[in-house]
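The values are calculated or read from the model by the stated rules, or taken from the named source; none is laboratory data. What you are looking at is a predicted structure, and each value in this text was computed from that prediction instead of being measured. Using ideal geometry, Cβ is built from the backbone for each residue, glycine included, and neighbour counts are taken over all protein chains shown.
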Amino acid sequence: MNIQAEKIEIMKLVLETENPGILESIRNIFNKNQTADFWETLPKEQQDDILQGIKEVENREVVDYEEFMRKHR
């Protein structure tokens, strides 16, 4: 079945249903797809900090947690 036929079939099912729970579920699916990506909600400064941290991990510029704690206790 091609995409257009699939859409028509789904529309028929939506138009025929009297179940508000199904309609709400469909609405929630579409609303969920339209929400902003978490990354896009972060301020630029936080995005830069995270990207810098990833770069440091990739370059093995990390300190072992236990070693760090021993030095600072």
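Of the numbered conditions (1) on the phi > 0 side of the Ramachandran plot; (2) surrounded by 10 or more Cβ atoms within 10 Å (Cβ to Cβ); (3) of a type outside the set (S, T, N, Q), M11 fails exactly one; give the number of that condition.
Answer for M11: the failing condition is (1).
In the range 16-47, what residues are in a loop (DSSP other than H, G, I, E, B), modelled with pLDDT under 90 and surrounded by 10 or more Cβ atoms within 10 Å (Cβ to Cβ)?
Passing the criteria: only L42.
Quick one: what pairs do we get from the range 48-73, first residue surrounded by 10 or more Cβ atoms within 10 Å (Cβ to Cβ), second not charged (D, E, K, R), C-beta under 9 Å, 6+ apart or different chains?
If the second residue must be not charged (D, E, K, R), the pairs left are I50/W39; I50/L42; E56/V62.
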